[in-house]
Amino acid sequence: MTPLAFQQNILAWFDQHGRKDLPWQQDISPYRVWLSEVMLQQTQVATVIPYFLAFTAKFPNVESLAQATVDDVLQLWSGLGYYSRARNLHKAAQRIGVLGRFPDTLNGLMALPGIGQSTAGAILSIAFNKPQPILDGNVKRVLARFKAISGWAGSSLVNKQLWAFSAAYTPDDRVADYTQAIMDLGAMVCTRSNPMCENCPLTTGCAAFLTNRVPDFPASKKAKVLPVKQVVFLLTHTGRRQVLLEKRPPTGIWGGLWSLPEFTSEAAALDWCVANNLKIRDKQVGEKQRHTFSHYHLDYTPLFVETDNTMDVIRETGRIVWHNAQQIGQIGLPAPIKPLLQQHLKGE
């Protein structure tokens, strides 16, 4: 199948079956395309939609995002995960504000925090209608099967091959539609499991389909055993009206979010309470739970401690602060911490 036939088949399929009513496909702008592409990284469309709507309602353009505080940005991102994406969005918006315009070149976009080649390509093709290849996970899968490219798509050699094919098949005309079309094809038809090859417009040229090897491509990354980290989260409350939260460092896991103070053991947590003159009225150990990151499992046990007093000295540092129960929904919290607090502070 020639590149022209490849493009025509995909566009014909898109005209009939492609998604055209997603929130970021309305009122298209570089900002909205950029925001959607970042949110969609390793996240499903259904999950992203409510976050996108809430985010654009609060920050309708790049200027409003640049003027926001990082706390406001993280609060709206809470639960979406991969929080470095939110921090980079904020930093990039501020740089765009300094530039005075949204970059419209590959190098200009890739110079911004958090924007890689594929995200830049999507912005250029969809928002600026400039021919530029992309290579997100869906596109990798379509091309790996169409060309029967062996090996893990994340390896440098395979990645280089896929970029070359993506560039070769990207058209000069209708590039915005084509970019959306090939992403839709991967998301809706050429899926990771149970692909619907009978609905695919590329079967007459798809090497994996023609050799009955569709499940073999792309090859999976070798699975590795994830290490496990054990922690105790100290949930200190005053009659369930206030809870003690600690702001995480600006970078790293849950960077910039409010979380519960973290300790290696129950004894260490209780020692910390004593060292800070925290009078313990009652304590209770909760059930151990697990939260999985891309590179390790976090097994955490909540330790509930009720106290009659607050710690003014610690509160004044700004890093460890007493929050009222009604504030919990207004700050950025890690995914496993938010429901823990909501359940414990229910009714307050």
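Values for this structure:
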{"item": "Some residue of the stretch 98-119 being aromatic (Phe, Trp, Tyr), modelled with pLDDT of 95 or more and assigned to a helix (DSSP H, G or I)", "result": "no"}
{"item": "Some residue of the stretch 60-76 being in contact with a Phe, Trp or Tyr (Cβ under 7 Å, 6 or more places away or on another chain), within 19 Å of LYS338 (Cβ to Cβ) and either surrounded by 17 or more Cβ atoms within 10 Å (Cβ to Cβ) or not assigned by TED's automatic domain parsing to the domain that holds THR119 (or both)", "result": "yes"}
{"item": "Of all residues in the stretch 291-335 being part of a loop (DSSP other than H, G, I, E, B) and over 22 Å from ALA86 (Cα atoms), the one that is modelled with the highest pLDDT", "result": "ASP308"}
{"item": "Within the stretch 155-173, tally of residues that are outside any helix (DSSP H, G or I), surrounded by fewer than 19 Cβ atoms within 10 Å (Cβ to Cβ) and either touching a residue at least 12 places away in the same chain (Cβ under 8 Å) or in contact with a Cys (Cβ under 7 Å, 6 or more places away or on another chain) (or both)", "result": "2"}
{"item": "Complete set of residues in the stretch 120-154 that are modelled with pLDDT of 95 or more, more than 15 Å from VAL38 (Cα to Cα) and part of a loop (DSSP other than H, G, I, E, B)", "result": "PHE128, ASN129, LYS130, PRO131, GLN132, PRO133, LYS147, ALA148, ILE149"}
{"item": "Filtered residues of the stretch 262-286 (kept if at pLDDT below 95 and part of a loop (DSSP other than H, G, I, E, B))", "result": "ASN276, ASN277, LEU278, LYS279, GLY286"}
{"item": "Residues being surrounded by fewer than 21 Cβ atoms within 10 Å (Cβ to Cβ), touching a residue at least 24 places away in the same chain (Cβ under 8 Å) and either assigned to a strand (DSSP E or B) or not hydrophobic (A, V, I, L, M, F, W, C) (or both) - total across the stretch 249-258", "result": "3"}
{"item": "Residue ranges of helices (runs of 4 or more DSSP H) in the stretch 18-90 with at least 1 members within 15 Å of the chain's Cα centre (by Cα) and either β-branched (Val, Ile, Thr) or at pLDDT 95 or above (or both)", "result": "30-39, 45-58, 70-77"}
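The values are calculated or read from the model by the stated rules, or taken from the named source; none is laboratory data. Note that the structure is predicted; figures quoted are calculated from it, not measured. Ideal geometry is used to build each Cβ from the backbone, glycine not excepted, and the neighbour counts take in all protein chains shown.
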